[in-house]
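This report concerns only the one structure given below.
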Amino acid sequence: MSELYRQEFDARSGTATADRAEWLEPLRKVAIETFATTGFPIARDEEWRFTPIAPIAHQKWRQAAGNTSAVLPAELEPYLFGHPDWTTLVFIDGAYSEDLSNPGVLNTEGRAGSLSEALQNDDGILERHLARHAPVEANPFTALSTAFIREGGFVHVPVNTDLTRPVHLLYVTTGEAADTVTHPRNLIVVDPGARASIIESYVTLAEGTSYWTNAVTEVWAGANSWIEHTRIQRESERAYHVGLTHVEQERDSHYRSFSMAMGGALARHNLTARLNGENVETLMYGLYLTRGDQVVDNHTAIHHDQPNCRSWEVYKGVLDGRSRAVFNGKVFVKPEAQKTDAKQTNRNLLLSDAAKVDTKPQLEIFADDVKCTHGATVGRLDDVALFYARSRGLPASTAQLLLTYAFAAEVTSEVALEPVREELDRLVRDRLVSL
Amino acid sequence: MLEIRGLRASAGDKEILKGIDLTVNAGEVHAVMGPNGSGKSTLAQVLAGHPAYTVTAGHVLYDGNDLLDMDPEVRAQAGVFLAFQYPVEIPGISNAYFLRAAYNEIRKSKGLEEVDSMDFLDLLEEKLRLVEWGPEIMSRAVNSGFSGGEKKRNEILQMAILDPKLAILDETDSGLDIDALRIVAGGVNALRRPDNVTIVVTHYQRLLNYIVPDQVHVLSGGRIVKSGDKGLALELEAKGYEWLEEVGAAS
């Protein structure tokens, strides 16, 4: 099946797409060669052991047509945050729609727009960053993404500027996308001293449709920059979602991520942060809410390559039905990364007997003067807490809902930007009430 | 108001309450004392409906109704309140949200309209004064990161807002410094009325310097081995629980 991707790549090269950027071609060629060599991950590959990707590997996915005129602005209302002054970039089945997008109020020299357009007149930023950070040899899906780079969001925040309003990259899949694949590719470059909030959403207008999203986002956090990056995955519950976020952090930078996963038949997200300088802070928060037969898989990796950095990670999951969650969190501390302060937590709440979690926190520490801890729990609602709530007059079902909500809210409350926090809160409430 | 007859209860295979008889009339405060493991906390928790215990014999009449037949939330709606020995932390939910949800459930059960957050704030203000707290405490998550004393004060605050007819305090005084003890006792005394009853479960006589009981009962080995007026507490303080354990063994 992998050979098909090679054929498609060959058929497409030389045609007039966005890739006038000559520097990109060799990167894409290496990527497709890499994929052709490795193919999709096999079941005994440790990185993919618990992730049933066979339905992705064995199906012949068409390229999505990306008919942007098929969607009316009103259909997007439920997915916006009700802030007309935010910059929203809308992609329909992978294609950028200028009409549906909202330039918002970009108060600075900052840029936020379509990647394919940016590639037409690159002033060097894309060449320095695009496909330079997320390694293609580490992950066959990233190799495919790089080979098929076509469209996505590009955000650039120049030195010492504050993007006061968030940029929302909204990926919408319609009923026309049945049995298709898209490769959304985002690049976020936040220069030294700059500040930005980025939201990445993956939603569907056609629940029940089967399609595959293969998304890759590269983030470069310059020295002393501040970034909040929220990822909301609400794909169709029959869809496949494979995502990778790769973050490079320079000294004194602060990067905080919130990753919400509630859609997909199978949804996998890899989040990797590389700490390249001293005094870097990395916060990774995550919440997954699963039901039915969903499988949600989060793999995170934090590379403490330099001394005096802090990373703090909390992923929580609420599982119902026969759903399954996978959590694998790695923290690597290099010998020179003394005074590293790293804490990692994964907590899971099972609402049904058939739900299952595979959790594996991993610390690999090669420095001796560090403070690193990790912990994982899988359990049910605490009987004593339930009794406590009931003893105050709350009916059993209300008490259960309240405590389940509280479990999730403990992590959503970490989102810095209030409207985003409220949106996540609403998503959690809506989902829990429907269980 | 509360009539307990021949109450036996177990946790798993272990029988803890071995036949309790106790009558509390409206307007009274009763203290239940006893050494560790005597069953005094179990009695408090069984009255509130804790699922860890199984009642194996006896009955409890509360306001003429069969208390043991009621779910914990129904007991709460009927005016039963247990101040927990170890109040539960609920990170993720604010104290204000939790308390208002509880308050509204109790109102709903009485056919009253729910109050919105503004009206609730007015009510809160008065009750907060009772425990000498400012409004900041309400935006903190329920008991989360609270000190031991703060947790106990929070129980008293909840009690003040929910305004119970049967208040049971399970070792609310344990581990409190004198200031916190004064605040907790002040809260309890302020809520004392001719139409409600309070059962104070305590290990130490000290609390009874602040809350004066009408009757004192001593539990040992799952039975009430002695009852008396407040003088009994002082006698216990002087002679120690060993004295009564001997009484219990002899009876």
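Every condition in (1) over 18 Å from A:Ala396 (Cβ atoms); (2) touching a helix residue (DSSP H, G or I) at 6+ places or on another chain (Cβ under 9 Å); (3) surrounded by fewer than 19 Cβ atoms within 10 Å (Cβ to Cβ) is met by B:Lys108 except one, and the failing one is (1). Does A:Leu402 count as in contact with a Phe, Trp or Tyr (Cβ under 8 Å, 6 or more places away or on another chain) and either at the interface with chain B (Cβ under 7 Å from one of its Cβ atoms) or surrounded by fewer than 17 Cβ atoms within 10 Å (Cβ to Cβ) (or both)? When the stated conditions are applied, A:Leu402 passes them.
Restricting attention to the range B:57-96, report how many residues are at positive phi, out of contact with any strand residue (DSSP E or B) (no Cβ under 8 Å at 6 or more places or on another chain) and either at the interface with chain A (Cβ under 8 Å from one of its Cβ atoms) or buried (at least 23 other Cβ atoms within 10 Å of the Cβ) (or both). Adding up the residues that qualify gives 0. Select from the range A:254-279 the residues that are assigned to a loop (DSSP other than H, G, I, E, B) and in contact (Cβ under 8 Å) with a residue 40 or more places away in the chain and write down the one among them that is surrounded by the most Cβ atoms within 10 Å (Cβ to Cβ). Residue satisfying both the conditions and the ranking: A:Gly263.
What tally of residues in the range A:324-351 results from selecting those that are more than 20 Å from the chain's Cα centre (by Cα) and closer than 20 Å to A:Asn298 by Cβ?
So the count comes out to 6.
Beta carbons closer than 7 Å, at least 6 apart along the sequence or on distinct chains, pair a first residue in the range B:177-204 that is part of a loop (DSSP other than H, G, I, E, B) with a second that is at pLDDT below 90 and among the polar types (S, T, N, Q) for B:His203/B:Ser174.
Looking at A:Val428, A:Val420, A:Val411, just one residue is crowded, with 16+ Cβ neighbours inside 10 Å, out of contact with any Pro (no Cβ under 6 Å at 6 or more places or on another chain), among the hydrophobic types (A, V, I, L, M, F, W, C) and more than 13 Å from chain B (Cβ to nearest Cβ), and that residue is A:Val420. Residues that are in a helix (DSSP H, G or I) and away from chain A (no Cβ under 14 Å) within the range B:43-56 comprise just one, B:Leu43.
Annotation: of all residues in the range A:364-392 being within 14 Å of another protein chain (Cβ to nearest Cβ), among the charged types (D, E, K, R) and surrounded by fewer than 16 Cβ atoms within 10 Å (Cβ to Cβ), the one that is farthest from B:Leu166 (Cα to Cα) is A:Arg380.
Only one of the numbered conditions (1) part of a strand (DSSP E or B); (2) crowded, with 23+ Cβ neighbours inside 10 Å is not met by A:Pro361, and that is (2). A residue that is of a type in the set (Asp, Glu) and not assigned by TED's automatic domain parsing to the domain that holds A:Ala57 cannot be found anywhere in the range A:215-232.
The values are calculated or read from the model by the stated rules, or taken from the named source; none is laboratory data. Everything quoted here is computed from the prediction, not taken from an experiment. Here the Cβ is made from the backbone with ideal geometry for all residues, glycine too, and neighbour counts use every protein chain on show.
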